[in-house]
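See structure below.
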């Protein structure tokens with residue numbers, strides 16, 4: 001088998017439109033752009049949202065609400081069940097251990113959620129805990145340590 005024998009065969013492939021290559025091509029002369037005007041020119045046309053000088057919609061509508069996206073704190077979440085399974089038999093789980101096991105990306109803020117059960121007393125270190133996760137860890141005789149989020 002050679003490269004030229006691979007499907008689809010050359011004659012089955014549709015050739016690209018070659019505009020402006022003479023009248024015999026069917027797309028000569030104005031190349032399908034009509035006669036004159038802004039859209040017929042090279043680099044012509046208007047930017048998205050432009051309404052011919054009329055005040056565009058995005059500027060006519062009022063601004064609403066409060067945008068807090070630059071300061072939003074985002075957490076990578078880990079459920080208790082996954083945490084306990086990853087650290088079977090270990091009772092002291094630090095943030096570095098979580099990063100090393102690949103449970104979340106390094107230097108990400110970590111939040112522990114309460115899905116799953118804790119049998120043994122464990123000490124867990126993370127940036128944030130859900131109320132149910134903290135209650136389950138404390139009920140098993142463990143300890144919860146919340147770290148400060150950097151940034």
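The values are calculated or read from the model by the stated rules, or taken from the named source; none is laboratory data. None of these values were measured; they are calculated from a predicted model. Glycine gets a Cβ as well: all are built from the backbone with ideal geometry, and neighbour counts include every protein chain shown.
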Check your understanding: Out of (1) surrounded by 10 or more Cβ atoms within 10 Å (Cβ to Cβ); (2) at positive phi, the odd one out for residue 36 is which?
Key -> (1)
Check your understanding: Out of all the residues in segment 85-101, is one or more within 19 Å of residue 150 (Cβ to Cβ), assigned to a strand (DSSP E or B) and touching a strand residue (DSSP E or B) at 6+ places or on another chain (Cβ under 6 Å)?
Key -> no
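May I ask you to verify whether residue 33 is assigned to a loop (DSSP other than H, G, I, E, B) and more than 30 Å from residue 121 (Cβ to Cβ)?
For residue 33, the condition - assigned to a loop (DSSP other than H, G, I, E, B) and more than 30 Å from residue 121 (Cβ to Cβ) - is met.
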Practice item. Give the residues of segment 129-146 that are closer than 17 Å to residue 97 by Cβ and within 26 Å of the chain's Cα centre (by Cα), sorted by residue number. Key: 129
Check your understanding: Which of (1) surrounded by fewer than 10 Cβ atoms within 10 Å (Cβ to Cβ); (2) at pLDDT below 90; (3) within 30 Å of residue 109 (Cα to Cα) is the odd one out, the single condition residue 16 does not satisfy?
Key -> (3)
Practice item. Please list, ordered by first then second residue, the pairs with beta carbon atoms under 7 Å, 6 or more apart or interchain, first in segment 44-58 and without any contact (Cβ under 8 Å) to a residue 40 or more places away in the chain and on the phi < 0 side of the Ramachandran plot, second outside any loop (DSSP other than H, G, I, E, B) and surrounded by fewer than 10 Cβ atoms within 10 Å (Cβ to Cβ). Key: 44/38
Review point. Are any of the residues in segment 13-24 within 35 Å of the chain's Cα centre (by Cα) and not in a loop (DSSP other than H, G, I, E, B)?
Key: no
Exercise for review: Test residue 113 against the stated conditions and say whether it is more than 30 Å from residue 20 (Cα to Cα) and either surrounded by 13 or more Cβ atoms within 10 Å (Cβ to Cβ) or touching a residue at least 60 places away in the same chain (Cβ under 8 Å) (or both).
Suggested key: yes
Point to revise | Unmet requirement for residue 116, which otherwise passes all of (1) assigned to a loop (DSSP other than H, G, I, E, B); (2) in contact with a strand residue (DSSP E or B) (Cβ under 7 Å, 6 or more places away or on another chain); (3) more than 17 Å from residue 141 (Cα to Cα) | key: (3)
Check your understanding: Mind checking which residues of segment 39-54 are surrounded by 10 or more Cβ atoms within 10 Å (Cβ to Cβ) and in a loop (DSSP other than H, G, I, E, B)?
Key -> 41, 44, 45, 46, 50
